[in-house]
Amino acid sequence: MDTTRSLSPRARWAVPAVVAGAVAAAFAVPAAVGAVASDELPAVTAEELVERLAVAEKVPVSGTVVYTARLGLPDVTVSEVQGAGPLDLLGGSTTVRVWSDGAESSRAALLGDVSEYSVVRSGAEAWTYSSADDEAVHYVVDPDDVARYEALADEAAGPSVEGDVPTPAEAADLALAHARVTTDVETTEPLEVAGRAAYQVELRPQTDGTLVDKVRIAVDAETSVPLRTQVWSVQDAEAPALEVGFTDVSFEAPDPSVFEFSAPAGADVREVEVPLPDPATMERGTMEKPSSDAFGEDADVAVTGTGWETVVELTDVDVDAILGATAEGRLPEGSTGSSGADDLLEELAESEDGELPGMPELDTGALYEQLTTPVDGGRLLGSALLSVLVTDDGRVLAGSVPPATLVERAG
């Protein structure tokens, strides 16, 4: 079955930044889910449902999304100290309010107990704002890339933003990318999600060599918008290890004022120019090769295995230097191997404190020690959906495979 589908930059963010770091402090949340009689919706095959997802027109959408992670890692929740922010997505349940005009504008507000973190996008610019830090970051596409951005407006999702927030549709993008490989795809009984009648497609890897047991995507019967995506681990058949879905949703166009942002008076404001991804990584129907830019100019990337058993290996990675450089939210010094990233690095270095925009100050060395365990020849991060092995000789291996697979491939 050909299920070619492009991955948005925000969807690609979800794998390393959400799955790799998620922890197990999940809370039970009332699910806005119910049953829908089979005869209330016309029957569709799995192939037809996946095709609907692939070709669905973008429509306005707004509502409340609940994101939950149960990945079996130590609880490293810091929101009580840092306030609402992207680190809330590392575990437990997080409530996010979302709005989209179905075109180039969107807004997401991650809600904490007494604070809020927002991401606002409008065309070639984006804002993030943390009420806890009273800090706003303004991202704009590099002037040299504006013409290319406008030509690729349907493909591009605006500038890449540190600490972006995932949506059910983007989680579905990631799952459907694997439907092109060894996967069983079938429909299950219709159901109700967020008060909407929905079909549900289930993806099951045809291999025992992955940590992923199955993925279920609930698809709105009228608009074909993904309403909920759930990922189960082979380690727990009772509850999904990762879940992101609407609890209430509307397909009415939001008021345009929702997408207008101005920094509050007195807030610290940063201006950041971001280069667009290389054109080769934005081609429809292809999975981009992981970049080693952030790991230093000497790092190299190799990909082994296929489908759900894919393992990415980076070599010549100076983990100690990276952890030391980012312990206070700072970027590593020196060339990244990418001219665009180097320009961004230089701009940040010229700022007052050189901090990584939009990210809180953390002792990443201590966080690394807490999330990983020592193994022969390195340290291992093992979770319900992802394993990461950092070797003493400067290699990093990662994949949705059992830890033993990484140890074996590391030799």
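If I filter segment 180-211 down to residues being among the β-branched types (Val, Ile, Thr) and in contact with a Lys or Arg (Cβ under 9 Å, 6 or more places away or on another chain), which single residue comes out as surrounded by the most Cβ atoms within 10 Å (Cβ to Cβ)?
This residue is 201.
Cβ contacts < 9 Å: first residue outside the structural domain of residue 219 (by TED's automatic domain parsing) and of a type in the set (Lys, Arg), restricted to segment 50-62; second residue buried (at least 17 other Cβ atoms within 10 Å of the Cβ) and at pLDDT 85 or above, any location; separation 6+ or different chain. Result?
From segment 50-62, no pairs qualify.
Within segment 229-238, identify whether any single residue is closer than 16 Å to residue 52 by Cβ, touching a Gly at 6+ places or on another chain (Cβ under 9 Å) and either modelled with pLDDT of 85 or more or surrounded by fewer than 20 Cβ atoms within 10 Å (Cβ to Cβ) (or both), and answer yes or no.
yes
Hey, does segment 86-109 have a residue that's surrounded by 15 or more Cβ atoms within 10 Å (Cβ to Cβ), over 24 Å from residue 247 (Cβ atoms), at pLDDT 50 or above and among the aliphatic types (A, V, I, L, M)? Spell out how you get there, then give the answer.
Going residue by residue through segment 86-109, those that are surrounded by 15 or more Cβ atoms within 10 Å (Cβ to Cβ) are 86-102, 104-109.
Narrowing the set further to residues that are over 24 Å from residue 247 (Cβ atoms) leaves 104.
From what's left, at pLDDT 50 or above: 104.
Among the residues that remain, those that are also among the aliphatic types (A, V, I, L, M) are: none.
No, every residue in segment 86-109 fails to be surrounded by 15 or more Cβ atoms within 10 Å (Cβ to Cβ), over 24 Å from residue 247 (Cβ atoms), at pLDDT 50 or above and among the aliphatic types (A, V, I, L, M).
Condition (residue is farther than 21 Å from residue 235 by Cα and buried (at least 19 other Cβ atoms within 10 Å of the Cβ)) applied to segment 377-386: is it met by at least one residue?
Checked segment 377-386: at least one residue is farther than 21 Å from residue 235 by Cα and buried (at least 19 other Cβ atoms within 10 Å of the Cβ).
For residues that are assigned to a loop (DSSP other than H, G, I, E, B) and in contact with a Phe, Trp or Tyr (Cβ under 6 Å, 6 or more places away or on another chain), scanning just segment 253-275, find the one that is nearest to residue 98 (Cα to Cα).
254
In segment 110-119, what residues are assigned to a strand (DSSP E or B) and surrounded by fewer than 22 Cβ atoms within 10 Å (Cβ to Cβ)?
111, 116, 118
The values are calculated or read from the model by the stated rules, or taken from the named source; none is laboratory data. Bear in mind the structure is a predicted one, so any value in this text is a computation, not a measurement. Glycine gets a Cβ as well: all are built from the backbone with ideal geometry, and neighbour counts include every protein chain shown.
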